[in-house]
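Asker: Starting off with a structure, shown below.
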Amino acid sequence: MRFLSCWGKYSPQRSPRHWISLRIAMDRNSRNTQSRWKNQLPRELAWKRNEEATPHEEQDRAAGGRQRRFVDLGNNGRARASIRLTVRANNRRIRATLRWSDQGKTRERYLGEVSHSTRDENLVEAWRMAREAGHLAEPERDHAPHPTTSSWATSKATRAVMQGNRGRDTKPELLLRSLLHRRGLRYRVNARPIADLRRTADILFPTERVAVFVDGCFWHGCPEHHRPSTRNAGFWQDKIDGNRQRDSETTTILSRNGWTVVRVWEHEDVAEACERVACAVAERRVSAAHRGG
């Protein structure tokens, strides 16, 4: 049977494999030509982060509030997510990906393509896509409203301090987690010891039932380093007293439910804090072994 081609009559000097290869090459050239119709990448304004804005601020603003950024990890609690915008060189389109951390590992879920002219608009669109797809957890109701709608901060400086207060992954936490990991200890991060109790431990050992809280000296009223604010003193005193009371209640509730609670001040030597946590974990393991024996 003769091999007929759309490029002319069959030539006995050319094998069918030759014509197939030629067709593939022409298809490739055609695709390259089509891609050159859109030969410019999207403007950086549409996807690249502005260095003037902190990552948390722009993500919170786009999501409609910090508490609207969480994904549900099931028994592992919740994790705060963020949107990543990237441009693929082959199609020159902006891709949106939802990213979060689960037990020290980065998880990702592709959301789709966005095409607005600014990064802020694309972030808002990506968060909407994540919410409609059911990837986000319902926001908790007992948190303060998002600062864009209302704020009880008395000045821009105060508001900046409040917004800059990180709920997790602070420097003391990261240092302590690093040392614990080097010692071979494995743990969960930002997880609830008791599923239906709205209290979250910074570091959690669920098997040994050890909950670790790394407390900031200012926010939790460290007896050594806390210095009361001279401006709006009444508000700040009530705030710190409330945190202290909540910390005490958390320790009491967890202890009654069989948990060992370790509280670490941010000013403590991280090596000594690591030793305290490791000892608490080891004691619980020994107790469990004796009960099992």
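Asker: Could you tell me whether residue 75 is over 19 Å from residue 169 (Cα atoms), outside any helix (DSSP H, G or I), at pLDDT 60 or above and not charged (D, E, K, R)?
Answerer: No: the conditions fail for residue 75.
Asker: Which residue pairs have Cβ atoms under 7 Å apart, sit 6 or more places apart or on different chains, and have a first residue in the range 200-214 that is more than 9 Å from residue 190 (Cβ to Cβ) and without any contact (Cβ under 8 Å) to a residue 60 or more places away in the chain and a second that is in a loop (DSSP other than H, G, I, E, B) and not charged (D, E, K, R)?
Answerer: Taking only residues 6 or more apart or on different chains, the pairs are 211/193; 211/259; 214/170.
Asker: Is one or more of the residues making up the range 50-59 part of a helix (DSSP H, G or I) and modelled with pLDDT of 85 or more?
Answerer: For the range 50-59, residues part of a helix (DSSP H, G or I) and modelled with pLDDT of 85 or more: present.
Asker: Has the range 220-240 got any residue that is of a type in the set (Gly, Ala, Ser), in contact with a helix residue (DSSP H, G or I) (Cβ under 9 Å, 6 or more places away or on another chain) and either under 15 Å from residue 176 (Cβ atoms) or part of a loop (DSSP other than H, G, I, E, B) (or both)?
Answerer: Yes, the range 220-240 contains a residue that is of a type in the set (Gly, Ala, Ser), in contact with a helix residue (DSSP H, G or I) (Cβ under 9 Å, 6 or more places away or on another chain) and either under 15 Å from residue 176 (Cβ atoms) or part of a loop (DSSP other than H, G, I, E, B) (or both).
Asker: So residue 118 ticks every box in (1) without any contact (Cβ under 8 Å) to a residue 40 or more places away in the chain; (2) within 15 Å of residue 61 (Cβ to Cβ) but one. Which box is left unticked?
Answerer: (1)
Asker: Looking only at the range 246-264, decide whether some residue is buried (at least 17 other Cβ atoms within 10 Å of the Cβ) and either free of Cβ contacts under 8 Å to residues at least 40 places away in the same chain or on the phi > 0 side of the Ramachandran plot (or both).
Answerer: The answer is yes, given that some residue of the range 246-264 is buried (at least 17 other Cβ atoms within 10 Å of the Cβ) and either free of Cβ contacts under 8 Å to residues at least 40 places away in the same chain or on the phi > 0 side of the Ramachandran plot (or both).
Asker: Please state which of the following conditions residue 147 fails to meet, knowing it meets all the rest: (1) modelled with pLDDT of 85 or more; (2) part of a loop (DSSP other than H, G, I, E, B).
Answerer: All conditions are met except number (1).
Asker: Would a scan of the range 246-258 turn up a residue that is in a helix (DSSP H, G or I), within 17 Å of residue 223 (Cα to Cα), of a type outside the set (Ser, Thr, Tyr) and at pLDDT below 95?
Answerer: Scanning the range 246-258 turns up at least one residue that is in a helix (DSSP H, G or I), within 17 Å of residue 223 (Cα to Cα), of a type outside the set (Ser, Thr, Tyr) and at pLDDT below 95.
Asker: Here's something else I'd like to know. Here's a check for you: in the range 55-68, which residue that is within 12 Å of the chain's Cα centre (by Cα) and closer than 23 Å to residue 45 by Cα is surrounded by the most Cβ atoms within 10 Å (Cβ to Cβ)?
Answerer: Looking at the filtered set, the residue picked out is 60.
Asker: If you take the residues of the range 94-115 that are over 18 Å from the mean Cα position of the chain (by Cα) and surrounded by 16 or more Cβ atoms within 10 Å (Cβ to Cβ), which of them is farthest from residue 70 (Cα to Cα)?
Answerer: Within the range 94-115, the match that is farthest from residue 70 (Cα to Cα) is 94.
Asker: For the range 100-120, how many residues are under 25 Å from residue 186 (Cβ atoms), at pLDDT 85 or above and among the acidic types (Asp, Glu)?
Answerer: So the answer is 1.
Asker: Taking into account only those residues within the range 259-293 that are part of a helix (DSSP H, G or I) and touching a strand residue (DSSP E or B) at 6+ places or on another chain (Cβ under 8 Å), which is nearest to residue 223 (Cα to Cα)? Break it down into steps so the answer makes sense when it comes.
Answerer: Of the residues in the range 259-293, the ones part of a helix (DSSP H, G or I) are 270-292.
Of the ones still in play, those that are also touching a strand residue (DSSP E or B) at 6+ places or on another chain (Cβ under 8 Å) are 273, 276-277, 280-281, 283-284.
Numbers: 273: 17, 276: 20, 277: 21, 280: 24, 281: 26, 283: 28, 284: 29 Å.
So the residue we want is 273.
The values are calculated or read from the model by the stated rules, or taken from the named source; none is laboratory data. Keep in mind the model is a prediction, meaning the values are calculated, not measured. Methodologically, a virtual Cβ is constructed for each residue, glycine included, from the backbone with ideal geometry; neighbour enumeration extends over all protein chains shown.
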